[in-house]
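For reference, the structure is listed below as structure tokens.
Read-outs throughout are calculated quantities, based only on the coordinates presented, and are distinct from any laboratory measurement. It should be emphasised that the depicted structure is a prediction, and the values quoted were computed from it without experimental measurement. Note that we place each Cβ from the backbone using ideal geometry, even for glycine, and neighbour counts take in every protein chain shown.
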Amino acid sequence: MRCTKYLTLLTGLGLAFASPALALTGTEGPAHGMAMHGEPKYGPAFSHFDYVDPGALKGGEDVRSVTGTFDSLNPFIIQGNPASGVGLIYDTLTTSSADEAFTQYCLLCATMNVPDDRSWVEFELRDDAFWHDGEPITPADVIFSFNVLREKGAPFYRFYYRDVTKVEQTGPRNVKFTFGADQNPELPLIIGQLRIFPAHYWETRDFGKTTLDIPLGSGPYRISDVKVGRSITLERVPEYWGRNHPTNIGRNNIDTMRFEYFRDPGVARIALISGDIDRAGENSSKAWATEFVDTKPVQDGKLLLEEFAHERTAPIQGFVFNLRKPMFQDRRVREALTNAFDFEWSNKNLFYDAYIRTDSFFDNSELGSSGLLQDAGAEEREILERFRDQLPEDLFTKEYVPPATDGSGTRGIRGNLRTAAKLLEDAGWVIRDGTRVNAETGEAFQFEILLGSQTFERIALPFARNLDRLGIEAKVRVVDASQYRARTDSFDFDMISGIWGQSESPGNEQLDYWSSAAAERDGSRNQAGIADPVIDALIELVIAAPDRESLIQRTRALDRALIWGKYVIPHWHIESDRIVYWDRYGIPEIVPRSGIQLDTWWLDPEKAEDIRAYRGSR
């Protein structure tokens, strides 16, 4: 079973509180939805989510840009580069709201039933849901979908679903998932997120292989056109079974969506400014500050740049050490290299002071640790004290603050580099003839920073120059999307710039991010190769949290252990979504806590006609 050895570790450390009787509850009979903690915000008779406009118009065409390429329409396996938007053709058993931490509402299911101990979940399927070919969606489809993902899907699925011990049809339209004995109270909600595939379509096809055949779905969109590596077009399904479902009202409003692929983000921006692209998110602070503002469409008020504030947990992004490499296994080395990254200089000279330095794996939320441990909550302190002999002493005596400079560059970072040099010498890396070498073997300290986009080259190169001042040779290499994915999936790298999205309700995904088991599994998100039984045990505590307050305390304990482990050189984050769009849309007034929801936008006929005429006159 998952976590048996970790629960043994917890017991041996005297963590009697680690597995209390769960304060969580089930659904008390068949229900329309379920919250991870507490009750769903929306009751059984709700008509739509608060952050949509139920009167949103349907129609029109929308063109978006994607950087990279694609060669597959199967995003559920490890092979190939899947096209954007494919997930829109499939429905799930349940769907989430964007204004709650973690709540699932029935979509393909009419009801879901969960006992108080959350040891199983049973879904009763709707009797009016059907595939795009008119065939009804059945329990056989649900069972097929679960089994095929676990058997032929990306390795992540086998890991994610391995606590499911049985899936069976229990009635004409009922499917029951039974779980193992270990506590994992979010599993009923996770199973609800299962995408459902048509068994009758796949019975003559191999789900485990890449494909460019247009697959059959049941969702709000179908794929209408594919130009391999260049574009994919999806069209709204007028007869979509779920078009009047409360979770879909005010959403999926555009008739035709086309994703155009560009090899270079700069070219994609030119296409946006010229009107060939209608809207795009912008991740580059330099582009946001310089590449749009002086263009005629922006000055004319036709192309808009808007920041939409959000309250979601910031992703953890940073330069990722591959601990599978011997040179990075010493924490002092990792701490030394962290001192060589000059965020303040980068923010001032590259980012136009747009970003906030990240100092937590769960930043911008109540889940992140902060301050001294002695001032933390009782449960956080209690948990970490039990692991004191296995965690860095600094965790217990210091507040975590990333190394900082005055932003002046070469002179401003001198103190940090002196600190780094001392740490490297203590770890056995000394200077000989101007080169940092291993004192015992004479091996030079050199490694490669692997990037999948030229955008990050301007951040990595100044970092490499600072490392050169320490006698370390760091080569920056940019590869195409296919090669980058292949190398990162097989952990064939020294260092990358990685990012992990974080939930407002952390749980099972943390196993894939940081656990020992994931470190050994190709294709996992544990690119850092963290294999620490204490981290494993802390993840298990997060998963088994009995209530929201305990989840916060346990996540902070995990966060503190991760940040003091120096596995990542933290980068930065921003507390808003930056969108560049032509002024042709209607947008709901409410932005939910999770951020802007582009699928709630619609084409305003008068605005769209004005933009069409403006583009035509240029």
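Available extension along the chain between residue 370 and residue 441 is 21.6 nm, counting 0.36 nm per residue and deducting the alpha carbon span.
Report the gain in length on full extension from residue 617 to residue 547: 0.36 nm times residue separation, minus Cα-Cα distance, nm rounded to one decimal. Could you put the intermediate results ahead of the total?
Details: separation 70, 0.36 × 70 = 25.20 nm, distance 5.89 nm.
So the extension gain works out to 19.3 nm.
For the chain, what relative contact order do you get, as a whole percent, if you take Cα pairs closer than 8 Å and at least 6 residues apart? Walk me through the intermediate numbers first.
Numbers: 1226 pairs, mean separation 124.5, N = 618.
Here the relative contact order equals 20 percent.
Karplus-based coupling profile of region 127-136, in residue order and whole Hz: 9, 10, 9, 9, 6, 5, 8, x, 6, x, with θ = phi - 60° in 6.51 cos²θ - 1.76 cosθ + 1.60 and x standing for Gly or Pro.
What GluC sites (Glu not before Pro) in region 187-295 are in a loop by DSSP, with at most 13 other Cβ atoms within 10 Å of the Cβ? Walk me through the intermediate numbers first.
Working: sites: 203, 235, 239, 260, 282, 291; in loops: 203, 239, 282.
Those that pass, being in a loop and sparsely packed, are 203, 239.
Here the spin labels are modelled as points 7 Å beyond Cα on the Cα-Cβ line, and at residue 256 and residue 432 they lie 6.8 nm apart.
In debye, nearest 20, what is the charge dipole magnitude of the chain about its Cα centre with +1 on Lys and Arg Cβ and -1 on Asp and Glu Cβ, if you could check? Display every interim value, and only then the final one.
Numbers: 69 positive and 93 negative charges, 320 e Å.
For the chain, the charge dipole is close to 1540 debye.
Annotation: lysines with alpha-carbon distance below 20 angstrom to residue 475 (same-chain offsets under eight excluded): 325. Okay, which of region 131-162 sit inside 17 Å, backbone N to the point 7 Å along the Cα-Cβ direction of residue 239? Residues passing the 17 Å test: 131-137. Using the Cβ-Cβ distance between residue 609 and residue 348 with R0 = 41 Å, the FRET efficiency computed as 1/(1 + (r/R0)^6) comes to roughly 0.40. A crude spin-label estimate for the pair residue 419 and residue 589, with each label 7 Å from Cα along the Cβ direction, gives 4.9 nm.
The distance linking region 587-618 with region 547-584 is 29 Å (Cα centroid to Cα centroid, whole angstrom). The phi-based Karplus calculation (6.51 cos²θ - 1.76 cosθ + 1.60; θ = phi - 60°) puts the 3J(HN,Hα) values of region 172-179 at x, 10, 10, 10, 10, 10, 10, 10 Hz, whole numbers, x for Gly and Pro. In percent, rounded to a whole number, the relative contact order of region 316-573 is 33, using alpha-carbon pairs under 8 Å and six or more apart. Based on DSSP H segments of at least four residues, each scored -39500 (n - 2.57), the chain has a per-residue ellipticity at 222 nm of -7500 deg cm²/dmol. Please check which bits of region 73-87 a label hung off residue 225 would reach, taking the label as a point 7 Å along Cα-to-C-beta and the cut-off as backbone N under 19 Å. From region 73-87, the list is 73, 83-86. The loop-placed trypsin sites (Lys or Arg not before Pro) in region 28-97, going by DSSP, that have at most 13 neighbouring Cβ atoms within 10 Å of their Cβ come out as 58. Between region 367-420 and region 170-193, the alpha-carbon centres lie 40 Å apart.
Just to be sure I understand, if you calculate Cα Rg over 2.2 N^0.38 Å for this structure, which of (i) 1.44; (ii) 1.00; (iii) 2.40 do you get? It is the one labelled (ii).
How long is the gain from residue 385 to residue 147 if the chain were fully straight, where each residue apart is worth 0.36 nm and the alpha carbon distance is subtracted? Write down the numbers at each step before the final one.
On the way: separation 238, 0.36 × 238 = 85.68 nm, distance 4.15 nm.
Length difference between fully extended and current span is 81.5 nm.
Structural descriptor for region 28-202: relative contact order 24 percent, calculated from alpha carbon pairs under 8 angstrom and at least 6 residues apart.
Computed from backbone phi with θ = phi - 60° and the Karplus coefficients 6.51, -1.76 and 1.60, the 3J(HN,Hα) list for region 73-85 is 10, 10, x, 9, 10, 7, 7, x, 10, x, 6, 5, x Hz; x is used for glycine and proline. With a threshold of 27 Å on the Cα-Cα distance, the over-threshold entries among 296/607; 58/286; 398/422 are 58/286.
Amide H contacts under 5 Å for residue 72: 81, 83, restricted to partners 5 or more places along the chain or on a different chain, H placed in the peptide plane at 1.01 Å from N.
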